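Only one structure is covered here, and it is reproduced in the block below.
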Amino acid sequence: MRKLAIIGLQVLVLITALFVRATPSAAVEPFRQLATVQVGGYQCLVNSGDATIGADGIVRGFIGEDWSGGVVIPPCAFVGISFYRVYPSGQVVTVHSPYPGRVLRAAWDGLNSTYLLFVNNSRLYVGKYVDGFAFAPATYLTSNKGFRSTYSAALTASNGKWWAVWGEDTISSAFGYPRNELFQAHTLLGTQPRTQITNRPANYADDSPGLAYANGRVTLVWTRYTHFSTTPRLNTRASVVNIATSTGGAWSARRLTAGGFHNGTPAVAMYGRATYIAWTRDDHLIMFASNEPGGTTYRGTALPTVSDELDLGETVAVSGSRVFIAWTAQVGTAAVAERLNGVWTQTTPVGGQTTSTRIVAQGLKARLLYSASDLVTQT
């Protein structure tokens, strides 16, 4: 019997944490598996995906390919992007979309539509699925990806409107690196086509945006690389995290972080009148700041971490008094931290060889979207 091993088939899984009443010193309660979402067929490609959650507790998201080009050898095939719902019961409903390519971000508008930011053949688009009806024609944004494998991008939506921010390579810096700047387009709080929103000197760059919307205001966080270092390390670019807000017009921006050498890949969530931000510092600290209960003053802290070095990719979610942060430790383990009554605790809920994609929260519960590498055999 001949078996062909296909290594690297990615499965996107949703699990939910049943967070019950706990004392301030209690650890994060165990997670249980809720559902598995997978594109069918002989896909043989690393999946991409993102998810969001509504007030109804339904997780809505998209799953697609993660492919930068090249030849796909049968029986593998491109299968495109699918929309999915995961109900609180664990029931999964999927609908195949007309969109091909890689999923970057998903956003629920709180009304009836889930928006999608995706890339196909270097072209960036916004798509939309209206619950129970159909997919809308995709809106083209740009094709100026530059030398990157994909775009760093962010998306938020509300009441039938959307706002997207992404990075594009503009000119080479004085040190030979591509210079990345941020661009935007939106229909939320007014309509604006593709517009450049950062433009720094040649040895600066702006990257890794995060977006959130609430109370008529969009909040943007991003990484600003401020100069180059001659230190013989892989990460030799000093960076800070900036924050900006807009009500549809010009951005009001300022620096958020102080301290550390490398601050990057921020994530942002808005809940009530407060804003919550997570980011990495010096590649081994998870940082958190908020302006609770509102206002302009942000108070930050460093979380305990599960390893000495961390991969990038943290996300943040809030429900009631609970704050959740998810990230991937460099050892290849999805990790989750929870703040309850001012105390942070953390866990690695799904074991090794997993990558955290998104954490969402509703009703004092968190749901973690992650991918896991499996060894699949064919006879």
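The values are calculated or read from the model by the stated rules, or taken from the named source; none is laboratory data. Just so it is clear, the structure is predicted and the values come from calculations on it, not from any experiment. Here the Cβ is made from the backbone with ideal geometry for all residues, glycine too, and neighbour counts use every protein chain on show.
Can you pull out every residue in the range 103-148 that is aromatic (Phe, Trp, Tyr), surrounded by 16 or more Cβ atoms within 10 Å (Cβ to Cβ) and either touching a Cys at 6+ places or on another chain (Cβ under 9 Å) or within 16 Å of Gln184 (Cα to Cα) (or both)?
Tyr115, Phe118, Tyr125
Which residue is modelled with the highest pLDDT, if the candidates are limited to the range 162-177 and must be part of a strand (DSSP E or B) and loosely packed, with under 15 Cβ neighbours inside 10 Å?
Looking at the filtered set, the residue picked out is Ile171.
Restricting attention to the range 252-283, report how many residues are in contact (Cβ under 8 Å) with a residue 12 or more places away in the chain, surrounded by fewer than 16 Cβ atoms within 10 Å (Cβ to Cβ) and among the hydroxyl-bearing types (Ser, Thr, Tyr).
Number satisfying all stated conditions: 0.
Name the single residue, out of those in the range 252-281 being among the small types (Gly, Ala, Ser) and outside any loop (DSSP other than H, G, I, E, B), that is farthest from the chain's Cα centre (by Cα). Let's see the steps before the verdict.
Within the range 252-281, the first condition is being among the small types (Gly, Ala, Ser), and the residues that meet it are 252-253, 258-260, 264, 267, 269, 272, 274, 278.
The next check asks that each one be outside any loop (DSSP other than H, G, I, E, B); those that pass are 252-253, 264, 267, 269, 274, 278.
Details: Ser252: 23, Ala253: 22, Gly264: 13, Ala267: 7, Ala269: 11, Ala274: 20, Ala278: 12 Å.
Among those that are among the small types (Gly, Ala, Ser) and outside any loop (DSSP other than H, G, I, E, B), it is Ser252.
Please go through the range 298-330 and give me each residue that is assigned to a loop (DSSP other than H, G, I, E, B), modelled with pLDDT under 90 and closer than 17 Å to Ile243 by Cβ, ordered by number.
Glu314
Return the residues of the range 111-154 that are closer than 15 Å to Phe62 by Cβ, part of a strand (DSSP E or B) and charged (D, E, K, R); say none if nothing qualifies.
Correct list: Lys128 only.
Would you confirm whether or not the range 233-246 contains a residue that is of a type in the set (Lys, Arg), at pLDDT below 90 and farther than 28 Å from Phe183 by Cβ? Talk me through it step by step, then tell me what you get.
So the first thing to find is which residues in the range 233-246 are of a type in the set (Lys, Arg), and the list is 233, 237.
Checking the rest, the ones that are also at pLDDT below 90 come to 233, 237.
After this cut, where a residue has to be farther than 28 Å from Phe183 by Cβ as well, the list is 233.
Checking the range 233-246: at least one residue is of a type in the set (Lys, Arg), at pLDDT below 90 and farther than 28 Å from Phe183 by Cβ.
Within the range 264-275, is there a residue that is more than 21 Å from Arg105 (Cα to Cα) and at pLDDT 95 or above?
The answer is yes, given that some residue of the range 264-275 is more than 21 Å from Arg105 (Cα to Cα) and at pLDDT 95 or above.
Would you check which residues across the range 200-222 are closer than 14 Å to Asn242 by Cα and assigned to a loop (DSSP other than H, G, I, E, B) and list them?
Arg200, Tyr204
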